[in-house]
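Reading through the structure tokens given below for one structure.
Each reported figure results from applying straightforward, stated rules to the coordinates on display, with no laboratory input. None of these values were measured; they are calculated from a predicted model. Methodologically, a virtual Cβ is constructed for each residue, glycine included, from the backbone with ideal geometry; neighbour enumeration extends over all protein chains shown.
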Amino acid sequence: MIIDWPTMDHPRRIVIVRHGERCDFVFNQGGVSWMKRAFDSNGRYTPFDVNLPRIVPKRKDGWQKFAMDTPLTEMGYLQSKLTGRSLRDKNLRFEHVFCSSALRCVQTAVGIMKGLGDGKAQINIEPGLYEWMQWCRMGRPSWMSPQELSKLGYPVNTQYTPIQRDDALRMEENLYNYYERSFQIVQEIIRKCPTGNILIVGHGASLETLTRQLCGSEPRNNEDFFYLLHNTPYLSSIQVAEHKGRWSLAGSPIPPLTHSSNGTYDGAQLQWNSSTLQERVKNHFG
């Protein structure tokens, strides 16, 4: 059920946003990593495209770890600021901000807050919001610590105690496990934050997995899940609203961000049943 906001008495909201454009997906071409072109053997960084960040943060675990923990492109950070500005234009304010431990999510949260003009809220980095571990078959990623990120000037809450530690993420996690993890994390975030609006910056699947069971539905099958994922471009957003202790999908809080090679996100798709999704899959793939 889509909630009509004017009929509700100031509902509490959770807004979930996918991160912005990432360096590896843009610049890993022809089987060659962007890092081989941007870093020399001593780790000196020289951007070869104006869409690459002018500088990359120094990290204690070494520059090589960007291979599994990519930063945003310049466009990705711009996308984030535009999204924050649009949220501000809708008079949305957030008392609580959470994000995945992935660098691209942290940088997206920073950009959104910049666009919002919010100089007070701090980012709570939550490893439990990280993407499905199925995509980490090459090895467990290494993330920058909140202390490192804070030293870069990012408004990170260094006193935050994560709901789930990074070393508790299961490498053998299946799709159902991922839905369950997401559901448990969002419930605990709600418990930690009994009042005020919440912003969560996560991954492409986060819009589905953080809301599906929260709004009373069962986890989807693999085919339906992947359809939704492939139709959730960068900075897509969805909101859920609390009414009498229950949460319901409430559509996207802002207009979509559409540009070349970035399709339009339809927030209504999270409400489609399997038969509707199967028809869409058939039409899409012939």
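Distance from the alpha carbon centroid of region 133-166 to that of region 40-89 works out to 16 angstrom.
Taking 14 Å as the cut-off, the amide N atoms of region 164-202 that come nearer than this to a point 7 Å along the Cα-to-beta-carbon line of F226 belong to 175.
Length, then width, then depth: along the principal axes, the Cα atoms of region 140-286 run 50, 39, 35 Å.
3J(HN,Hα) along region 168-181: 8, 5, 8, 5, 8, 4, 9, 5, 4, 4, 5, 4, 5, 4 Hz, from the Karplus curve 6.51 cos²θ - 1.76 cosθ + 1.60 with θ = phi - 60°, whole Hz, x for Gly and Pro. Taking amide H atoms as placed 1.01 Å from N in the peptide plane, the amide H of R12 lies under 5 Å from those of E242, each 5 or more residues away in sequence or on another chain. Computed from the C-beta positions of V281 and M171 and an R0 of 30 Å, the FRET efficiency is 0.55 to the nearest 0.05.
Indicate the gyration tensor shape class of region 163-232 (rounded, prolate or oblate), computed on the Cα atoms with a ≥ b ≥ c the square roots of the eigenvalues: a/c under 1.5 is rounded; otherwise a/b larger than b/c is prolate and the rest oblate.
Details: a/c = 1.81, a/b = 1.30, b/c = 1.39.
It is oblate, given that a/c is not under 1.5 and a/b is not larger than b/c.
Remark: region 137-146, residue by residue, has Karplus-estimated 3J(HN,Hα) of 5, 6, x, 5, x, 10, 10, 6, 6, x Hz, where x stands for each Gly or Pro and the curve is 6.51 cos²θ - 1.76 cosθ + 1.60 at θ = phi - 60°. Sort region 89-174 into rounded, prolate or oblate with this rule: let a ≥ b ≥ c be the square roots of the eigenvalues of the Cα gyration tensor; rounded if a/c is under 1.5, and if a/c is not under 1.5, prolate when a/b is larger than b/c, oblate otherwise. In terms of gyration-tensor shape, prolate.
From the cross-link list K114/K151; K120/K244; K36/K81; K81/K120; K65/K151, which pairs have alpha carbons spaced over 21 Å apart?
Numbers: K114/K151 17 Å; K120/K244 29 Å; K36/K81 29 Å; K81/K120 16 Å; K65/K151 18 Å.
Long pairs (Cα-Cα over 21 Å): K120/K244; K36/K81.
Each peptide among 115-127, 249-261 gets the average number of other Cβ atoms lying within 10 Å of its residues, and from highest to lowest they stand as 115-127, 249-261. Applying 1/(1 + (r/R0)^6) with r as the Cβ-Cβ distance of E188 and K36 and R0 = 30 angstrom yields a FRET efficiency of 0.15. Over the chain, Cα pairs under 8 Å with separation of 6+ residues give a relative contact order of 26 percent.
A helix-only calculation puts the chain at -9000 deg cm²/dmol for mean residue ellipticity at 222 nm, using -39500 (n - 2.57) for each DSSP H run of at least four residues, averaged over all residues. Between N124 and V97, F98, C99, N157, the built amide H atoms are under 5 Å apart, and every one of these is 5 or more places off in sequence or on another chain.
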